[in-house]
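Visitor: Input: one structure, supplied below.
Derivation of every value follows stated rules applied to the coordinates shown; laboratory data play no part. Since the model is a prediction, treat every value here as computed from it, not as a measurement. With ideal geometry, Cβ positions are generated from the backbone for all residues, glycine too; neighbour counts draw on all protein chains shown.
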Amino acid sequence: MVDIKAQPFAFPLNVEKAALIVIDMQRDFTEPGGFGETLGNDVSLVSAIVPDVKRLLEAARATGLTVIHTMECHRPDLSDLPEAKRNRGNPSLRIGDQGPMGRILISGEYGTDILPALAPTPGELVIEKPGKGAFYATPLGDELKSRGITQLIFAGVTTEVCVQTTMREANDRGYDCLLVEEATASYFPAFKQAALDMIRAQGGIVGWTAHIDDVLEALD
Ligand code: C5J
């Protein structure tokens, strides 16, 4: 057990029972022409975290931590895409439409893939999820149980949507959750800040937050 300096207080890391979970570091959210940009967002705000997510991944792998990647995506026949999700908002391209990087947020398409710099290595768990939370309609819960994981270290995008939703799902299921500040981003910096504040408020009501250097030091 090693304490990670964190807010609202130290996070008691148990490397044997912890996993790094990297949320949705896909081209569709981080590169021009993808889903994020079709919604009118500046993707450079989220692609900026790639080097820090990479440092975290490398440290987790070196320490032997379980590594999990998630991808928000849907079946090619759209059978797992609720009409309400497809029709929401006024994007220039909807989920399932053909975009410059293939069909938007469809499993197996180029744009849906995880960025090559952060690609899963053999043996790492990849969870395809149709929702914002990674527990909804996925095998994540069973996979964590079978590995004896009780702590989740979070990175990825976007802080207030898929990261925070998954943290809340995990928190309700009894996992200790730690979000690494420099390894998460939003298209709206104020929303990132608000999510960090919400997560660690009231004695860590959803979980902990920590700076990357403090996490890397603990994983060293
Ligand atoms: C969004 C995500 N923002 N990965 N997805 O639609 O946060």
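Visitor: Residues that are touching a strand residue (DSSP E or B) at 6+ places or on another chain (Cβ under 9 Å), at negative phi and assigned to a strand (DSSP E or B): does segment 82-101 have at least one?
Guide: No, segment 82-101 contains no residue that is touching a strand residue (DSSP E or B) at 6+ places or on another chain (Cβ under 9 Å), at negative phi and assigned to a strand (DSSP E or B).
Visitor: Would you kindly identify the strands (runs of 3 or more DSSP E) lying entirely within segment 1-49 that contain at least 2 residues that are surrounded by fewer than 21 Cβ atoms within 10 Å (Cβ to Cβ) and more than 16 Å from the ligand (Cβ to nearest atom)?
Guide: Ranges flagged: 2-4.
Visitor: Kindly indicate the residue of segment 123-164 that is among the hydroxyl-bearing types (Ser, Thr, Tyr) and crowded, with 18+ Cβ neighbours inside 10 Å and also farthest from the ligand (Cβ to nearest atom) among those meeting that condition.
Guide: Checking each candidate, the answer is Thr159.
Visitor: Additional query: Is it true that some residue in segment 187-198 is part of a loop (DSSP other than H, G, I, E, B), over 12 Å from the mean Cα position of the chain (by Cα) and buried (at least 16 other Cβ atoms within 10 Å of the Cβ)?
Guide: Within segment 187-198, one or more residues are part of a loop (DSSP other than H, G, I, E, B), over 12 Å from the mean Cα position of the chain (by Cα) and buried (at least 16 other Cβ atoms within 10 Å of the Cβ).
Visitor: Which residue is surrounded by the fewest Cβ atoms within 10 Å (Cβ to Cβ), if the candidates are limited to segment 52-100 and must be polar (S, T, N, Q) and within 14 Å of Pro130 (Cα to Cα)?
Guide: Once the filter is applied, the top-ranked residue is Ser79.
Visitor: Using beta carbons and a limit of 6 Å, which pairs, at least six apart or on different chains, have the first residue in segment 117-141 and among the polar types (S, T, N, Q) and the second one not in a loop (DSSP other than H, G, I, E, B)?
Guide: Listed by first residue and then by second, the contacts come to Thr138/Ile127; Thr138/Lys129.
Visitor: Which one of these does Asp113 not meet: (1) loosely packed, with under 15 Cβ neighbours inside 10 Å; (2) closer than 21 Å to Val50 by Cα; (3) of a type in the set (D, E, K, R)?
Guide: That leaves (1) as the condition not met.
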